[in-house]
Amino acid sequence: MSDGVGQKRTYAVDTNIYMDWQARHYPTDVFESLVARIDDLIGEGRCISPALVHEELDVVGTGELSAWADERKSIWVPNAEILAGALEIQSRFPGLLDPKAEHEEADAYVIALAQQRDGIVVTSETPAAEKRKPKRELFVPDVCRELGVPCINLLGLMRREGWKL
């Protein structure tokens, strides 16, 4: 399937997107229409994330974001459904893992979910080559490029969907 703009694809969303959206750049009290647009994608089954992302949000997210996530149960794909793919990615790309992480990371699960559903990864991460002093060798966009998985940021998702907010 090609990656043409406007073509209906599933989005595998990384933790940092929810954080950037609601807690940093596009707060829900100002960007109410963005909530409705995301909810439309959720209703269509096109906005999904590994359950591990939900777990990360409970640790690093705001109370409002955690409540939002709890109310949208259909987003969260059980980790067991994508575990094999995530382990394969972690094995093939060990530089993706943050050696200082205190808990299991969702990155490989997000990529595996996109692979499994012929989807697009949505992340705020940038490739290692674009960082001054990267904490690790690889980031989500690096692995997506190697695997041929499309990878965009939140603004890219908005543009693909043709949203005018």
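The values are calculated or read from the model by the stated rules, or taken from the named source; none is laboratory data. Since the structure is predicted, the reported quantities are computational estimates derived from the model, not experimental observations. Cβ placement follows ideal geometry from the backbone for every residue including glycine, while neighbour counts extend to all protein chains displayed.
Results, tabulated for the structure shown:
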{"item": "Complete set of residues in segment 35-61 that are under 24 Å from TRP163 (Cα atoms), part of a helix (DSSP H, G or I) and of a type outside the set (Gly, Ala, Ser)", "result": "VAL35, ARG37, ILE38, ASP39, ASP40, LEU41, ILE42"}
{"item": "Criterion: surrounded by 15 or more Cβ atoms within 10 Å (Cβ to Cβ), in contact (Cβ under 8 Å) with a residue 12 or more places away in the chain and farther than 29 Å from ASP29 by Cβ - qualifying residue of ALA86, ALA106", "result": "ALA86"}
{"item": "Qualifying position, being of a type outside the set (S, T, N, Q), modelled with pLDDT of 95 or more, surrounded by fewer than 16 Cβ atoms within 10 Å (Cβ to Cβ) and part of a helix (DSSP H, G or I), among GLU81, GLU64", "result": "GLU81"}
{"item": "Close pairs (7 angstrom Cβ cut-off, 6 or more residues apart or separate chains): β-branched (Val, Ile, Thr) in segment 13-31, assigned to a helix (DSSP H, G or I) and surrounded by fewer than 17 Cβ atoms within 10 Å (Cβ to Cβ) anywhere", "result": "THR28/VAL35"}
{"item": "Elements of type helices (runs of 4 or more DSSP H) in segment 84-165, at least 2 residues being within 19 Å of HIS54 (Cβ to Cβ), β-branched (Val, Ile, Thr) and at pLDDT 95 or above", "result": "107-116"}
